[in-house]
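First up is the structure itself, then whatever we jot down about it.
Bear in mind these aren't lab numbers, they're just calculated from the coordinates by the rules spelled out. The model shown is predicted, which means the values in this text are computed figures rather than measured ones. Here the Cβ is made from the backbone with ideal geometry for all residues, glycine too, and neighbour counts use every protein chain on show.
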2 protein chains.
Amino acid sequence: MVNDSPEQLNTVFFALADPTRRAILERLAHGEASGTELARPFSISVPAISKHLRVLEHAELILHRKEGRTHLFRLAARPLKEAATWLEHYRQFWETQFDALDTYLHMTSEEEHDPDDPSRIS
Amino acid sequence: MVNDSPEQLNTVFFALADPTRRAILERLAHGEASGTELARPFSISVPAISKHLRVLEHAELILHRKEGRTHLFRLAARPLKEAATWLEHYRQFWETQFDALDTYLHMTSEEEHDPDDPSRIS
């Protein structure tokens, strides 16, 4: 069952509103990684990366386990699907809006290039 | 052209991380509305709703025009499509994860119900 509670969507969209957190998710889409591995590409402090990981974990976008002293993180798909499902409700809206724009541009372009158009002044 | 710059995605996802702002977008999907109409369903102050509208406008999720003294707002589709496109990259990931879960649950359920299973102790 998809749990699309408002609170869940709040925390998921908030977590996605940061480029470092989105980059962490992109890295984890390729497989499990340790905190050190995740921090490597970013020129930010370990406490800063830990804070990002806590935000992602709070949104249930990542799961973590311990192997000895190493924390390993992996991507959890469900909340991403919930966010996508919410946005999907608007697909019809944006498709209609883009279709209307295409029609308008097509009509404008035809008018501009019609040599028989009597309104053209050369 | 889809402009999926990190900054654009930051402001869009941040704007979506609030239930009042999502509700405003849901209302605007049905058509243009004034600030007063948008404020009506919410038990929050006019300055508070104005602040939400500014966040949505900053993310380019809504557009506004003036008709006399009335401000009218409408939904802009493009940033929603950009957010959906970003999430869409993960579709394959969540579908694989859900397929794996389905297979596991199916196998577990078959094992639990197999009367010939020699490991069963009755």
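What to note about this one:
- A label point on B:SER50, set 7 Å along the Cα-to-Cβ line, lies at 4.3 nm from each of its counterparts in the other copies, closest listed first.
- Shortest-first distances to equivalent copies, position A:ARG91, nm, label 7 Å out along Cβ: 0.7
- Spatial offset of the range A:31-102 relative to the range B:23-79 amounts to 29 Å, using the alpha carbon center of each.
- The residue in chain A that lies nearest, by its beta carbon, to the axis linking chain A with chain B is given here with the distance in whole angstrom as A:PHE13, 2.
- Per DSSP, loop trypsin sites (Lys or Arg not before Pro) in the range B:24-84 with at most 13 further Cβ within 10 Å: B:ARG69
- Vicinal HN-Hα couplings computed from phi for the range B:65-82 (Karplus, 6.51 cos²θ - 1.76 cosθ + 1.60; Hz; Gly/Pro x): 9, 10, 10, x, 9, 9, 8, 10, 10, 9, 6, 10, 7, 3, x, 5, 5, 5
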